[in-house]
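What follows is calculated from the coordinates using simple rules that are stated; it is not laboratory data. No experiment lies behind these values; they were computed from the predicted model shown. Note: ideal-geometry Cβ built from the backbone for every residue, glycine included; neighbour counts use all protein chains shown.
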Amino acid sequence: MATVHTDSAIWWLRFTGPRFWPTWLMFAALWLVTRLPFPWQMGVGSLIGRIAWRVARRRRHIAEVNIRLCFPQLSENKRARLVKAHFLSVGKGVVETALCWWGRESQLRHRFTLVGHDHLRDALAQGHGVILLSAHFTTLELGGRLLALDTPFHVLYRQHKNPLFEYVMQRARKRRFEKAIPRNNTRTLLSSLKDGMPVWYAPDQNHGGPQSVFAPFFGISTSTLTTTARLANASGAAVVPFFQIRLPGNEGYLLTLCPALENFPTEDPQTDTARINSLLESVIREMPEQYLWVHRRFKTRPEGEPYPY
């Protein structure tokens, strides 16, 4: 009976202790923001970003290092402006995450344009599922919600250390997507692909370990997961790149499904991983402020290279 009550309408009783009060306050404020007009929502996001740029010094340092390494051709002033623009984008991403979880469909349906749906349809017709290859942009959460309004798919997610945040995030994702799969649950992921489902996957964060190789990313030898190629090889699934762009002037979002990668995977994981990095880099260069630079992308270094952060 206890398990039944855990997932009932009174689930929140588990999270009434004082340590959860700041999280509840944040959720309440963000829920209220989702009820504002869209331009106001983006204004609140920009404000969050400006505050974070000033107070989150550790994350700002990480972003500054990443941008200096990836865009050495930019002047110091241009890099500084890019860092600040990135934090504004991160702040908007916080509000967009709230919209993903609590936004009404009527709010969102007219806010995006989807192109390339025929590429996903053709890939699904092969009957082996589809890996929706993406990356960690600040529009990540909302981009998934918007695509789910058009096409059902499953998502991989990383569990959060805060149990209240984790529970609310799981509840939201299970409402918005057909299935939310923990990142390390490869068996369930492969089962989804076997059932012919698209599965969203982003291999662009630094996890190190034996399942990674060093491959070029912005000209830097970068520890990168080989999982995309291994999943495609094990399942026969096509790999369809999927990206979302926040348009200027509060115009909404452009979602793009690209043609499935041809001749992928090969017998060389290094080649496959370098190809994916090159693809992601080309998209990031189109909208560099919208990529998640506050992640320590280059923390794992080849032997003998210094730690950059």
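Okay, residues lined up against (1) of a type in the set (Gly, Ala, Ser); (2) touching a residue at least 12 places away in the same chain (Cβ under 8 Å); (3) more than 21 Å from residue 139 (Cβ to Cβ):
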| site | (1), (2), (3) |
| --- | --- |
| 19 | no, no, yes |
| 23 | no, yes, yes |
| 32 | no, no, yes |
| 36 | no, no, no |
| 40 | no, no, no |
| 43 | yes, no, no |
| 73 | no, no, yes |
| 82 | no, yes, no |
| 89 | yes, yes, no |
Count of residues meeting criterion [under 30 Å from residue 43 (Cβ atoms) and either touching a residue at least 40 places away in the same chain (Cβ under 8 Å) or touching a strand residue (DSSP E or B) at 6+ places or on another chain (Cβ under 8 Å) (or both)] in the stretch 215-256: 12
Selection count, the stretch 58-97, where residues are within 30 Å of residue 29 (Cβ to Cβ) and of a type outside the set (Phe, Trp, Tyr): 26
Which listed residue, of 272, 204, is charged (D, E, K, R) and touching a His at 6+ places or on another chain (Cβ under 8 Å): 204
Matching residues in the stretch 241-273 - criterion: being in contact with a Pro (Cβ under 6 Å, 6 or more places away or on another chain) and either of a type in the set (Val, Ile, Thr) or part of a helix (DSSP H, G or I) (or both): 250, 272
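Yes or no, residue by residue, for (1) polar (S, T, N, Q); (2) buried (at least 18 other Cβ atoms within 10 Å of the Cβ); (3) in a helix (DSSP H, G or I):
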| site | (1), (2), (3) |
| --- | --- |
| 14 | no, no, yes |
| 31 | no, no, yes |
| 51 | no, no, yes |
| 66 | yes, yes, yes |
| 83 | no, yes, yes |
| 88 | no, yes, yes |
| 98 | no, yes, yes |
Single residue of the stretch 258-300 satisfying the filter (under 23 Å from the mean Cα position of the chain (by Cα) and without any contact (Cβ under 8 Å) to a residue 12 or more places away in the chain) that is surrounded by the fewest Cβ atoms within 10 Å (Cβ to Cβ): 282
Elements of type helices (runs of 4 or more DSSP H) contained in the stretch 129-199, each with 1 or more residues being in contact with a Gly (Cβ under 8 Å, 6 or more places away or on another chain), crowded, with 21+ Cβ neighbours inside 10 Å and not basic (Lys, Arg): 140-148, 186-194
